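Written below as structure tokens is the structure these notes are about.
Only the coordinates and a few stated rules stand behind these numbers; no lab work does. These numbers were taken from a predicted model, which means no experiment stands behind them. Glycine gets a Cβ as well: all are built from the backbone with ideal geometry, and neighbour counts include every protein chain shown.
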Amino acid sequence: MNAPLFITGTDTDVGKTVLTVLLVRVLRELDLQPIAVKPVSAGDRADVRLLALAAGRRASLDELNPFHFRSPLAPLLAARQEGRPSRRTAVLAFLRKKIRGSAGRPVLIEGAGGLLTPLGEGFSARELIADLRAIPIVVAVNKLGVINQVRLVLAALPPAALRRTLVILMSTASPDLASRTNIVLLKEFFFPDRIYPLPRLRSKTGPAQAALSPRLRASLIQLLAAAGISSARRIRPIAKPGRQIAPARSAAAPS
Ligand SMILES: Nc1ncnc2c1ncn2[C@@H]1O[C@H](COP(=O)(O)OP(=O)(O)OP(=O)(O)O)[C@@H](O)[C@H]1O
Ligand SMILES: [Mg+2]
């Protein structure tokens, strides 16, 4: 059985939902029928609606996101305001049930906020990743400052999860000198074959409907293969991803 992919990030608003939706779409194209959930959320549920739309399956928002709190705050704060803090055991029980019920299909879990955002009493995405032995996917915006942000998240990840971790650098709308060069330096601090720049979506229609360029599709397939989704390994990318994806090299020791 594949380990679940846990999509976390350096911050809120970095592209976790965009990436999760794109991965769901590519997995469906590969006929792998993924399950995508966002167990804990606070504020509106636009993310959960997008995940449901991308998965194309009828599921209530509560089935995909059972721990939802109305205030747009860190989930722990929002939950305390409502007087019903979520417990790690309850969130884990929900996720384990999804994983057991997946019958080997890929399971994607979107976190809320960044890696250490308090999701409930005494836990954040870091603890869930460790408990589930999930594959952490760290999303970061490829702009000036991202090297520091990514290194902080890598330093905070459970050490046992580091070799499984993938880092995604989301392109900005206006790439600059920093965004063109960040990856080179970042590769000195982490396994170079586990850092993936992702081209930006050009369409305004949103990630669930936007046309996927061959280059973007190829990047997503490579990412899935690196995450151990075995069927994706057999798919030959449609476009040559040479400039976007680093060739696999021997792993450098993470700092
Ligand atoms: N690759 C991309 N191409 C185009 N737009 C993007 C891309 N990545 C992120 N965005 C835009 O950036 C914004 C934030 O993205 P997203 O909602 O995926 O972030 P998030 O990390 O899931 O946020 P949250 O913490 O609220 O869950 C959205 O408006 C999204 O459309
Ligand atoms: Mg999101």
Summing Lys, Arg as +1 and Asp, Glu as -1, what charge do residues with Cβ under 13 Å from the Cβ of Arg84 carry, Arg84 excluded? +1
Provide the net charge surrounding Asp131, with neighbours chosen by a C-beta distance below 13 Å and charges set as Lys +1, Arg +1, Asp -1, Glu -1. +4
Cα centroid separation - region 112-141 against region 12-91, whole Å: 13
Over all distinct alpha-carbon pairs, what is the Kirkwood Rh of the chain in angstrom? 18.3
Work out the count of Lys pairs in region 5-233 where the Cα-Cα distance is under 19 Å, with the pair 8 or more places apart or on different chains. 6
Let me have the 222 nm mean residue ellipticity of the chain computed from DSSP H runs of 4+ only, each contributing -39500 (n - 2.57), with the sum over all residues rounded to the nearest 500. -10500 deg cm²/dmol
Around Glu121, with a cut-off of 12 angstrom between Cβ atoms, what is the net charge of the other residues, counting Lys and Arg +1 and Asp and Glu -1? +3
More than 17 Å apart: what percent of Cα pairs in region 11-162 qualify? 62
Suppose R0 equals 45 Å. What FRET efficiency, 1/(1 + (r/R0)^6) with r the Cβ-Cβ distance, do Arg87 and Arg180 give to the nearest 0.05? 0.50
